[in-house]
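Take a look at the structure below.
Each value in this text was obtained by applying a stated rule to the coordinates, not by laboratory testing. No experiment lies behind these values; they were computed from the predicted model shown. Because the Cβ atoms are built from the backbone with ideal geometry, glycine has one as well, and the counts that use them run over all protein chains shown.
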Amino acid sequence: MRWGLIGASAIAENHMIPAMRHAHQEIAAVMSGTADRAAAFAAAQGIAKATSDLADLLGDPAIEAVYISSTNEKHFAQAMASIAAGKHVLCEKPLAMSLDEASEMVRAAEGAGLVFATNHHLRCSGSHRAIRGLIASGRIGRVLSLRLFHAVHLPESLRGWRLTDPGAGGGVIPDITVHDADVARFLLGEDPQTVVAQMCASGLGQGVEDSAMSVWTMPSGTMVQSHESFTHPFAGSGLEVHGTEGSIFARGVMTQRPVGEIELVTAAGREPVPFSAHYLYVQGIEEFAQAVAGKGHPAASGWDGVASLAVALAVREAARTGARQTVGYGEGA
Ligand code: NDP
């Protein structure tokens with residue numbers, strides 16, 4: 001499949017371009033807001049065409065799909081233009097700045113008969129799929145609680161708009177809580193119902209939060225505890241799922257790489273849980289390409305992106321107001 005990249009971003013450079021090429025996809029063009037940056041990015045990445053004009057990229061009939069990885073406030077207009085031009089869309093999270101915009105993007109793609117996916121990479125990982133399988137097979141009985149540890153140390157190279165610009169979608173909640181919302185939905189197969197939360201700036205955020213903690217209730221009664229941060233150098237990431245018949249402990253699994261370890265603890269003792277070490281982003285691209293070919297669905301759909309955004313927005317509102325929020329999924333419910 002032939003792709004156009006919208007946004008000359010770090011995630012495109014470091015993960016998605018290598019993943020697309022690994023999955024035998026062709027990258028035909030890149031669009032950036034500035035012509036010089038587009039040209040430099042294209043030259044560095046070996047991409048034939050560079051442009052600063054979205055219509056120019058979308059006007060190429062050979063481009064079947066676009067990958068949108070601009071800053072968050074640009075996703076909506078770029079996705080809507082891409083859909084109008086008949087392109088399938090893989091869009092970065094958070095899909096948009098508001099639930100209405102995100103829903104409109106997904107609905108437009110549905111109306112046009114196009115594949116629309118959200119780049120929630122964690123549900124593509126072998127570790128998360130193994131944990132989901134354990135839960136679904138009943139190995140830990142009825143799930144009582146899920147704890148998500150996603151407090152990282154933001155690399156110097158990413159310390160830009162994420163830390164300073166609410167207008168571009170900065171802050172740890174739109175950046176990482178959306179991923180954790182998707183993980184909870186993916187592992188537990190249900191949508192968070194209400195949330196309580198606190199947030200703060202703990203050293204890096206300027207005008208946006210760089211740390212958040214929240215507790216979510218699920219329709220089944222399962223409780224979810226979630227911690228995201230940009231300021232924790234040594235915390236490590238992970239998750240725990242506790243059930244009536246067992247517990248799952250996963251360390252180092254909230255990452256972009258196929259790493260980490262999982263242990264299952266039951267009355268029978270402790271056992272390591274094996275999982276596939278395939279590359280997360282390659283898996284996502286392959287499933288997207290299959291969906292475009294009419295075989296299956298993308299790993300995370302557009303509505304999954306709407307739902308993760310709904311949870312993140314509720315967490316921020318709960319933290320801002322100090323009041324419990326009911327998650328409003330809009331049309332994505
Ligand atoms: P970057 O800051 O690297 O890129 C975002 C935009 O900033 C680019 O599209 C580009 O604008 C502009 N830009 C970047 N570098 C420069 C520069 N040196 N000079 C001028 N402009 C620059 O962001 P990320 O790659 O970290 O994030 C992009 C999107 O991807 C976000 O939506 C984020 O949430 C998401 N993301 C998702 C991840 C995942 O695992 N799913 C991981 C990381 C990010 P222009 O569009 O004009 O080229």
Any aspartates and glutamates whose Cα falls less than 17 Å from that of K49, other than same-chain ones fewer than 8 residues away, would be E13, E26, D36, D60, E64
Normalised Cα Rg of region 34-135, dividing by 2.2 N^0.38 Å with N its residue count, works out at 1.23
Region 230-333 -> Rg/Rh from Cα coords, Kirkwood Rh, value 1.05
Over all pairs of distinct alpha carbons, what does the Kirkwood formula give as the hydrodynamic radius of the chain, in Å?
20.2
For helix 126-136, what angle does its Cα long axis make with the longest principal axis of the chain, in degrees from 0 to 90 and rounded to 10?
50
Based on the alpha-carbon gyration tensor of region 90-215 and its eigenvalue square roots a ≥ b ≥ c, which shape applies: rounded if a/c is under 1.5, prolate if not and a/b is larger than b/c, or oblate?
oblate
Determine, at each q value in 0.22, 0.28, 0.32 (inverse angstroms), the log₁₀ of I(q)/I(0) that the Debye formula gives when each Cα of region 17-69 is one equal point scatterer.
-0.83, -1.24, -1.38
Calculated from DSSP H runs of 4 or more alone, at -39500 (n - 2.57) each and per residue, what is the 222 nm mean residue ellipticity of the chain, nearest 500?
-9500 deg cm²/dmol
Quick check of the Kirkwood formula: for region 232-275, what is the inverse mean of 1/r over all pairs of different Cα atoms, in Å?
11.3
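Order of 239-247, 8-16, 74-82, 261-269 by packing, highest average Cβ count within 10 Å first?
Peptide ranking by packing, descending: 74-82, 8-16, 239-247, 261-269.
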Span from the region 220-267 Cα centroid across to the region 280-304 one, whole angstrom:
25
Total charge dipole magnitude, region 74-166, about the Cα centre, Cβ charges on Lys, Arg, Asp, Glu only, Debye to nearest 20:
580
Angle in degrees between helix 35-45 and the longest Cα principal axis of the chain, rounded to the nearest 10
70
Summing +1 for each Lys or Arg and -1 for each Asp or Glu, what net charge is found among the other residues whose Cβ lies under 11 Å from the Cβ of A65?
0
